[in-house]
1. Would you confirm, using the coordinates I've provided, whether residue 149 is polar (S, T, N, Q), over 22 Å from residue 66 (Cα atoms) and either out of contact with any Leu (no Cβ under 6 Å at 6 or more places or on another chain) or in a strand (DSSP E or B) (or both)?
2. Looking at region 89-105, which of the residues that are aliphatic (A, V, I, L, M) and more than 18 Å from residue 71 (Cα to Cα) is most open to solvent (accessible area, probe 1.4 Å)?
3. Give region 19-45 a look and list any residue that's in a loop (DSSP other than H, G, I, E, B) and over 22 Å from residue 137 (Cα atoms), or say none.
4. Would you call residue 159 among the basic types (Lys, Arg), open to solvent by 50 Å² or more (accessible area, probe 1.4 Å) and in contact with a strand residue (DSSP E or B) (Cβ under 7 Å, 6 or more places away or on another chain)?
5. State yes or no: is residue 145 under 23 Å from residue 26 (Cβ atoms), surrounded by 15 or more Cβ atoms within 10 Å (Cβ to Cβ), free of Cβ contacts under 8 Å to residues at least 60 places away in the same chain and in contact with a Lys or Arg (Cβ under 6 Å, 6 or more places away or on another chain)?
6. Limited to region 106-128, what total is found for residues that are closer than 22 Å to residue 175 by Cα and surrounded by fewer than 16 Cβ atoms within 10 Å (Cβ to Cβ)?
7. Of everything in region 115-142, what is over 26 Å from residue 88 (Cα atoms), free of Cβ contacts under 8 Å to residues at least 24 places away in the same chain and not in a loop (DSSP other than H, G, I, E, B)? Give them in sequence order.
Amino acid sequence: PLKTRFGDEEYIDGVTISPREFYEKLVESDELPTTSQPSPAEFEAAYERVLGPGDEAVVITISSALSGTCQSATIAAERFEGRVQVVDSMNASIGTQILVRRALQLLPGAASAAELAARLREERERVCVIALLDTLEYLKRGGRISAVTAAFGKLLGIKPLISIMEDGTLQSVGRIKGSKKVIS
């Protein structure tokens with residue numbers, strides 16, 4: 001799991017902080033949280049825990065364009081001589097979850113971890129995530145837009161539409177004005 005830091009407090013995603021607690025802290029905190037990926041040593045320890053003799057694993061990570069997690073997973077996998085296959089989801093959040101669910105569907109028909117990983121690299125091209133941001137607050141707090149832009153956006157009821165692109169980066173793909181248009 002990734003680590004999330006709110007000020008001086010560090011949490012392990014899904015272990016020492018739940019999604020609900022994360023969002024509560026996000027609303028309450030004056031500063032935005034920061035995250036850090038697991039180290040190669042943490043990945044290596046996890047691989048050692050789950051791999052028995054003759055076992056193989058496929059690791060699906062958040063987009064390498066958004067996090068160093070894939071790089072850490074890949075560095076750790078090198079020690080396992082092909083028994084660990086790392087797949088960059090080129091996505092985040094629910095997009096990565098979609099790829100994980102697809103891996104579970106493909107698993108029974110896969111002859112090896114390498115074959116499953118190859119299929120997932122093909123399948124990830126079919127995952128498309130588009131999200132509508134309900135508020136401009138976190139874009140403003142994160143320095144992505146100015147306070148003036150956020151104020152005008154709020155005043156005009158503008159909601160940004162974002163997507164994860166083919167290269168794994170997050171991009172604005174449009175803006176929608178008004179609640180009725182948001183629903184349609």
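1. Yes: the conditions hold for residue 149.
2. 104
3. Matches in region 19-45: 37, 38, 39.
4. no
5. No: the conditions fail for residue 145.
6. 1
7. Hits for region 115-142 are 137, 140.
The values are calculated or read from the model by the stated rules, or taken from the named source; none is laboratory data. Since the structure is predicted, the reported quantities are computational estimates derived from the model, not experimental observations. Note that each Cβ is placed from the backbone with ideal geometry, even for glycine, and that neighbours are counted across all protein chains shown. The protein model used for the area step is the full one, side chains on, heavy atoms only, and it has no ligands, DNA or RNA in it. Shrake-Rupley method; radii C 1.70, N 1.55, O 1.52, S 1.80 Å.
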